[in-house]
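Asker: Let me give you the structure first, and then I'll get to my questions.
Only the coordinates and a few stated rules stand behind these numbers; no lab work does. Please read all numbers here as calculations on a predicted model, not as lab measurements. A quick note on method: Cβ atoms are made from the backbone with ideal geometry, for glycine too, and the neighbour counts reach across all protein chains shown.
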Amino acid sequence: FHTLGMPEETWALNQGHLGEAAWLDMVKTTLAEGEAMLYDALDRHDSELVIEVFVQPDRVSHMFWRGLDPNHPAHAQSSEVARNAIPWIYAEADRVLGEVRKRLGADDRLIVLSDHGFASYRRSVHLNRWLVDHGYLILKPGADANQPLFAAVDWSRSRAYALGLNGIFINRKGREPEGIVAAESVASLKQELIVALADIHDPADQAAMVRKVYDADAIYSGDHANDAPDLVVGYEPGYRASWQTSLGATPPLLVEDNLQNWSGDHCIDPDAVPGVLFTSFAPAAPVVGIGDLAALIRTSSAATDKAVAP
């Protein structure tokens, strides 16, 4: 069985090294492996809780949303395989769910959960370009801004940088190796960025690209809160941070069409891509967020021999 990382070779499809049909054959293989493990666990009747995670709807949605969205810049060139891929994987999900239900006992309880939804990824936002254009990120004179890992950045004059798919970090004194922003200036700089980013628009049609910017201090807590970005950018549907942004590069354009096969995403404002929850029983208490799932499982399993969450 596949066990390491993301076995579906998304980048092989993205870069043209693997055809669409062959890639979907790989998805069928990993789906069959997950099914076999789940049915084996259910049929042994020796567990109080059985959990199986099916990632295939996520992977197929990432790679074939272009076939579903007529407004995606790659839709016109999408093959029939691409246009039918997402309906196919959701039909498969329904089939698996039906098989699971057949195997449930009279007292068993079923939970079906998705932790996020999906949206079209039509345009790539080079967020470090915006930071450069607005004086928050300073490049060395004559440096190649397309270099990844911030090779072109003059840290002695830079106050903020974007890294990863949604994060903006303040170049803090005492945290970053060459930090220049004093602790007492962090809050005001974050607020300045929140206000400015709320007004960022697509030069092509003036559409809003950012729905909301979140202050990490307001949304994160716990032992690892200091590892989080200082700000989290919630993009509007249709937009996402570019792959170059995730690696710390600064291409010349602010935004450009996403023409890659990876055409659907959920790394945007969470309100735009909510998950779903289905249960075969009425929950004892409201389930507001994914953090309530443990209590839901605990209370549901108290009255049954087994709860299953595919």
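Asker: Give the residue list of GluC sites (Glu not before Pro) in the stretch 1-100 that are DSSP loop and have at most 11 other beta-carbon atoms within 10 angstrom.
Answerer: On the way: sites: E8, E9, E20, E33, E35, E48, E52, E80, E92, E99; in loops: E8, E9, E48, E52.
Passing sites in the stretch 1-100 are E48.
Asker: For S156 and L97, calculate 0.36 nm times their separation in residues minus their Cα-Cα distance, and state this gained length in nm to one decimal.
Answerer: Result: 15.6 nm gained on full extension.
Asker: How many percent of DSSP beta bridges within the chain run antiparallel, rounded to 5? Before the final figure, lay out the partial values.
Answerer: Values: 22 of 32 bridges.
Percent antiparallel among DSSP bridges in the chain is about 70.
Asker: So which lysines can K190 reach, going by Cα to Cα under 23 Å and dropping same-chain residues fewer than 8 places off?
Answerer: K173, K212
Asker: How large is the helix-only mean residue ellipticity at 222 nm for the chain, computed as the sum of -39500 (n - 2.57) over DSSP H runs with n ≥ 4, divided by its residue count, in deg cm²/dmol to the nearest 500?
Answerer: -10500 deg cm²/dmol
Asker: Place a +1 charge on the Cβ of each Lys and Arg in the stretch 177-310 and a -1 charge on the Cβ of each Asp and Glu, then give the dipole magnitude about the Cα centre in debye, rounded to the nearest 20. Before the final figure, lay out the partial values.
Answerer: Working: 6 positive and 19 negative charges, 127 e Å.
About 600 debye.
Asker: Right, something else. Which of the lysines could a cross-linker bridge to K102, judged by Cα under 24 Å and excluding same-chain residues fewer than eight apart?
Answerer: K28, K306
Asker: Throw me the Rg/Rh for the stretch 243-286, computed over C-alpha atoms with Kirkwood Rh, two decimals.
Answerer: Here Rg/Rh amounts to 1.23.
Asker: Here's a follow-up. Can you tell me the length gained on complete extension of the stretch D46 to R83, counting 0.36 nm per residue apart and subtracting the Cα distance?
Answerer: This chain segment gains 9.2 nm when fully extended.
Asker: Now for a different question. Please list the equivalent ellipsoid semi-axes of the stretch 122-260, computed as the square roots of five times the alpha-carbon gyration tensor eigenvalues, in descending order and whole angstrom.
Answerer: That gives 23, 19, 13 Å for the three semi-axes.
Asker: So, one more: With a Förster radius of 30 Å, plug the Cβ-Cβ distance of L253 and L4 into 1/(1 + (r/R0)^6) and report the FRET value to the nearest 0.05.
Answerer: Calculated value: 0.25.
Asker: Please identify, among V100, V288, V213, the residue showing maximal mean-square fluctuation in a Gaussian network model of the chain using a 10 angstrom Cα cutoff.
Answerer: Result for the chain, Cα springs under 10 Å: V288 fluctuates most.
Asker: Can you tell me the orientation of helix 80-103 relative to the chain, as the angle in degrees between its alpha-carbon axis and the longest Cα principal axis, to the nearest 10?
Answerer: 40 degrees
Asker: Rounded to the nearest 20 debye, what is the charge dipole size of the chain about its Cα centre when +1 sits on each Lys and Arg Cβ and -1 on each Asp and Glu Cβ?
Answerer: So the dipole magnitude of the chain works out to roughly 380 debye.
Asker: Please report the antiparallel percentage of DSSP beta bridges with both residues in the stretch 122-260, rounded to the nearest 5.
Answerer: 80 percent
Asker: Tell me the GluC sites (Glu not before Pro) within the stretch 145-244 that lie in a loop according to DSSP and have at most 15 other beta-carbon atoms within 10 Å.
Answerer: E178
Asker: While we're looking at this one, here's another question. In nm, to one decimal, how far is the A21 label point from the A36 one, both placed 7 Å along Cα→Cβ?
Answerer: Roughly 2.4 nm, to one decimal.
Asker: Hey, of (1) 1.02; (2) 1.06; (3) 1.15, which did the structure itself give for Cα Rg over 2.2 N^0.38 Å when calculated?
Answerer: Step by step, Cα Rg over 2.2 N^0.38 Å for this structure corresponds to label (3).
Asker: Working out 0.36 nm times the residue gap between A282 and D133, then minus their Cα-Cα distance, what length gain in nm do you get to one decimal?
Answerer: Additional length available on full extension: 48.4 nm.
Asker: Can you list the residues, at least 5 places off or on another chain, whose amide H is less than 5 Å from the amide H of D230, using H built in the peptide plane?
Answerer: I168, F169, I170
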